1. Any chance you could run the full-extension gain for Gln65 through Thr101? It's 0.36 nm times the residue separation minus the Cα-Cα distance, nm to one decimal.
2. Could you compute the FRET efficiency for Ala111 and Ser75, with r as their C-beta to C-beta distance and R0 at 45 Å, rounded to 0.05?
3. Quick query: amide H of Asn115 versus all other amide H atoms, modeled in the peptide plane; which residues come in under 5 Å with a sequence gap of 5 or more or a different chain?
Amino acid sequence: MVPSPRQDELGHDDLRYDDPWYDVLASGWGEPTGPGVAEPAVPSMRREAAEEPSLAAADVYVEVQRSAAFQEVRSRYRRFVVPAVTVFFLWYVAYVVTATTAPGLMARPVAGAVNVAMVAGLGQFLTTFLLTWAYARHARLRRDRLALELRWDTQELTRSARGGVS
């Protein structure tokens, strides 16, 4: 992501970042956590210039991986994905096992020519779409902003490790 200078109609130079998340977060995209609900604090990766000597670019990523901010993003990811995948997998296995071991149950009509197997099969598709929506919403509300800040901090640290060259 390299900023490219741009001039407006009045001749002022400003920076335009070629980053899809830059405009999204600047526009206030995302749903608020609600009135009176504070966003949990996550430690920043930023460090003061005099605090530590500059790191090599490869060491920056190791430092980021060990940081509390990165661990928080990964923890939020796992807290959603592990239960969601477990529930979805169990639902899928239950459908397949029921279809193979209880064909009489699956053949029962629900309405006209629609039977239990067709309803459960369509339920699989519905569950997939609901899980996709829930994952995208969770990512947008719980992880995207933190991951963006972490990525920005990582790029700043990497830039300083390279001597200020992007």
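No lab work stands behind these numbers, since they all come straight from the coordinates. Small disclaimer: the values here were computed from a predicted structure and weren't measured. We place every Cβ from the backbone using ideal geometry, glycine too, and count neighbours over all the protein chains shown.
1. Values: separation 36, 0.36 × 36 = 12.96 nm, distance 4.68 nm.
Extra length available between Gln65 and Thr101 comes to 8.3 nm.
2. Working: r = 45 Å, r/R0 = 1.00.
So the FRET efficiency works out to roughly 0.50.
3. Hits under the 5 Å cutoff: Val110.
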